[in-house]
Amino acid sequence: MRVRLQDPVDLDAFRREARQLLANGVPPDHVEWSDGTQGSGGAELFGDAPAGGLGLFSDEPAAPPAPAGAARQPVPASFLALCADVILHRDPGRLALMYRLLWRLAHEPSLRHDPLDADMLRAGLMAKAVRRDIHKMRAFVRFTRVEGEQGERHVAWFEPDHRIVEANAPFFSRRFAQMQWAILTPERCVAWDGQALTFRDGADRRERPPPDAGEQLWLTYYENIFNPARLKLAMMRREMPVRYWHNLPEAALIQPLADAAQARSQSMIDAPATPARRIRAPLPLHLLPADRAAPASLDELRAVTHACRDCPIGALATQAVCGEGPVGAQRMLVGEQPGDQEDLAGRPFVGPAGQLLDRAMAQLGRPRDTVYLANAVKHFKYELRGKRRIHKTAAQREAEACAHWLDSEIALVQPRALVALGATAARALLGRPVAVQAERGAWLHERADGRPVFVTLHPSALLRLPDAERAAAYDSWLADLYGAFESPLGDSGRIQPAAARVLVP
Ligand code: SF4
C-alpha cells in the first residue's frame, strides 16, 4: 500500500487513512507513507502519483487479514495528543512510526504500559522536539514595523526546525490581536489582518524586513540591562540555542558583552556603595497644609508626601516620589513604588523598569511626556543587603495608608483613564485584590469616580524573567499597552457605566 497525504501536517487525513488501513488489517510493513514533501534525497517518494486514500496506489498483494476485532481496539486519548505533536516533526519516517504505533496499540494492549518501548520512546522524543520548537518560536520571533500601502504591519522572519507554523499561529493571533502582522518562514508563512489568519507558501530570506528604529532601541535596552555579574553562558546557550542567533538582533551583542563581563563585575565589586542622598530639599513647613485636607496643587502634594510618616516607609527613604507628566493627560500610568534610582533622583520610572516602559511607549508612538506617570506608594521600601538596597513590596497596610495620596494625585491631574502596572497599583486603584494575569488586558469600570482602569504587568516583572522568556513576555505586554491606549469609552464618548467589565476587542 502506498498512501500519500497532500498536507504534511494534516492529522485528520492521517487518521482517516490509518483508520481505514487498520480496519482492513494492513500491517505497518505493508504500507509506505508519503507527505508530498521533498525527501532528504531530493526526490519525492511517489513521483507524480495523485494524492488519495487507501488502496488507490496499491501495487502489492492483498495483506493478510487482521485478527477479528483488532481494528475496534480503542487507543488511549494520549496517543492522539502524541500524534498531534509528532506529525509536525520534520522526520519523513514519522507517519510510518505513528501508524506502526497505532497498529501495535490495537494488537498489543500491553504496549500502553511499556514506557521503555523503542517506538514509544522515539515518538516521545519527536513530540518533545516539536514542543520545544513551538516554545522557541514564541520566544524568539522578533517583529519589525513596516509601512506599506495598506498602513502599518509588523513582519518577522523565523526559521523553525519543524512544521509548526499552523500549530503556533493561533497563539500569535491571540497575543497580537490588535496588530496586523506576518511571520515569514522558509516553508510556510502566516499573516493576521486583525480578523483572520491566512497562510501561504514559504518566503525567501530576502523578503525579511530591514531593521527599524525599534530594533536599535531594543539593542540599547538589551545592552543596558545585561548584568555581567549574572552571566552564565552555558545556560544562556541552552535556553537560547546558537542556531537561533542569526535571526536575533541582540545576538551580536552577546559575545562582546560576555568578553567584558569579568572586568565589569570586578569594577562593580570594587566600587564604593552609592550613598543615599537627599537631593530634593523638603519644602518649607509653611507650604504644608495645617490640616489633612487634600492638597490643592501638585507642589503641595509633593511637600506633604515628603513629610508624611503615616507608615514606616517614609522614614527609610530619601524622599517621596510623586508623579510627573501633563495635567489633564489622557492616561495616568500607575506603578507600585519608587525604586532605588527613583528614590535618589526624585522622579518616577527612571530605573531599568522605567527604561523598559519608555522603550515600549516609544514603540507604540506614545512618548513618555504624553502620559502622567505615578506610583501607588510614594516612598521607596527596601532592605539593605551589603551595600545594596533591595526593593521590598509594601505591606498592604502601608499601601492603604498611602492610597489617599494617590487619590489626591488623580484628582489634581484629572486623567481620562488609569493604567495599573502590577498588582499593588491595581489594588490601589480598584480597592480590591486583583489577579493580574487573569484580569490583564481589559478595561474595568469599577471606580466610583467613573474612570476606567486597565490592568497589565509592571515592567519590573519582565526584567525578572529568564532571558529566553523575556522577549515573548515583552511582546504580549506591548500588546496589552497597545490596548491601554485604545478608547475605553462608548460610542457616545461618555465613560461607560460602573460595574461593567469590557474586554478589549
Ligand atoms: S509611603 Fe505613603 S503613607 Fe507611607 S510615609 Fe510615604 S507617603 Fe506616607
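The values are calculated or read from the model by the stated rules, or taken from the named source; none is laboratory data. Because the structure is predicted, anything quoted here is derived from the model rather than measured. All Cβ positions, glycine included, derive from the backbone under ideal geometry; neighbour counts span all protein chains shown.
Number of residues in segment 361-387 that are small (Gly, Ala, Ser) and at pLDDT 90 or above: the value is 2. Hey, does segment 353-373 have a residue that's within 9 Å of the ligand (Cβ to nearest atom), closer than 29 Å to Pro452 by Cβ and not in a loop (DSSP other than H, G, I, E, B)? No, because not a single residue in segment 353-373 is within 9 Å of the ligand (Cβ to nearest atom), closer than 29 Å to Pro452 by Cβ and not in a loop (DSSP other than H, G, I, E, B). For segment 135-171, residues that are part of a helix (DSSP H, G or I) and within 21 Å of Pro466 (Cβ to Cβ) total 8. Given Leu184, Leu219, which one is surrounded by 13 or more Cβ atoms within 10 Å (Cβ to Cβ) and under 18 Å from Leu462 (Cβ atoms)? Answer to the selection: Leu219.
A quick yes/no check of all residues on (1) surrounded by 12 or more Cβ atoms within 10 Å (Cβ to Cβ); (2) within 8 Å of the ligand (Cβ to nearest atom); (3) of a type in the set (Phe, Trp, Tyr):
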| site | (1), (2), (3) |
| --- | --- |
| Lys381 | yes, yes, no |
| Arg385 | no, no, no |
| Ala395 | yes, no, no |
| Glu398 | yes, yes, no |
| His404 | yes, no, no |
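Of the residues making up segment 178-214, those that are among the small types (Gly, Ala, Ser) and touching a helix residue (DSSP H, G or I) at 6+ places or on another chain (Cβ under 7 Å) number 1.
The set of residues in segment 468-479 that are farther than 22 Å from Gln341 by Cβ and either of a type outside the set (Gly, Ala, Ser) or more than 12 Å from the chain's Cα centre (by Cα) (or both) comprises Glu469, Asp475, Leu478.
Hey, any hits in segment 312-333 for a residue that's modelled with pLDDT of 90 or more and of a type in the set (Lys, Arg)? Yes, some residue in segment 312-333 is modelled with pLDDT of 90 or more and of a type in the set (Lys, Arg). Residues that are without any contact (Cβ under 8 Å) to a residue 60 or more places away in the chain, surrounded by fewer than 18 Cβ atoms within 10 Å (Cβ to Cβ) and either in a loop (DSSP other than H, G, I, E, B) or within 12 Å of the ligand (Cβ to nearest atom) (or both) within segment 297-325 comprise Ala307, Arg309, Ala315, listed in sequence order.
Remark: pairs (first residue in segment 241-269, closer than 18 Å to Ile225 by Cβ; second residue among the charged types (D, E, K, R) and at pLDDT 80 or above; Cβ separation under 8 Å; 6+ apart in sequence or on different chains) = Leu248/Arg142; Pro249/Arg142. Checking segment 222-232 against the condition returns a match, with at least one residue being modelled with pLDDT under 80, surrounded by 13 or more Cβ atoms within 10 Å (Cβ to Cβ), hydroxyl-bearing (Ser, Thr, Tyr) and over 20 Å from His391 (Cβ atoms). On the stretch given as segment 404-421, residues that are in contact with a Lys or Arg (Cβ under 9 Å, 6 or more places away or on another chain) and small (Gly, Ala, Ser) total 2. Is at least one residue of segment 267-276 modelled with pLDDT of 80 or more, within 11 Å of the ligand (Cβ to nearest atom) and surrounded by fewer than 11 Cβ atoms within 10 Å (Cβ to Cβ)? The answer is no, given that none of the residues of segment 267-276 is modelled with pLDDT of 80 or more, within 11 Å of the ligand (Cβ to nearest atom) and surrounded by fewer than 11 Cβ atoms within 10 Å (Cβ to Cβ).
In segment 388-403 there is no residue that is at positive phi and at pLDDT below 90. Taken together, the residues in segment 233-263 that are over 28 Å from the mean Cα position of the chain (by Cα) and surrounded by 15 or more Cβ atoms within 10 Å (Cβ to Cβ) amount to 0. Within segment 29-45, does at least one residue satisfy the condition of being surrounded by 17 or more Cβ atoms within 10 Å (Cβ to Cβ), under 22 Å from Arg131 (Cβ atoms), among the aliphatic types (A, V, I, L, M) and modelled with pLDDT of 90 or more? Among the residues of segment 29-45, not one is surrounded by 17 or more Cβ atoms within 10 Å (Cβ to Cβ), under 22 Å from Arg131 (Cβ atoms), among the aliphatic types (A, V, I, L, M) and modelled with pLDDT of 90 or more, which makes the answer no. In segment 408-422, which residues are away from the ligand (no atom under 12 Å from the Cβ) and over 31 Å from the mean Cα position of the chain (by Cα)? Selection gives Ala411, Leu412, Val413, Gln414.
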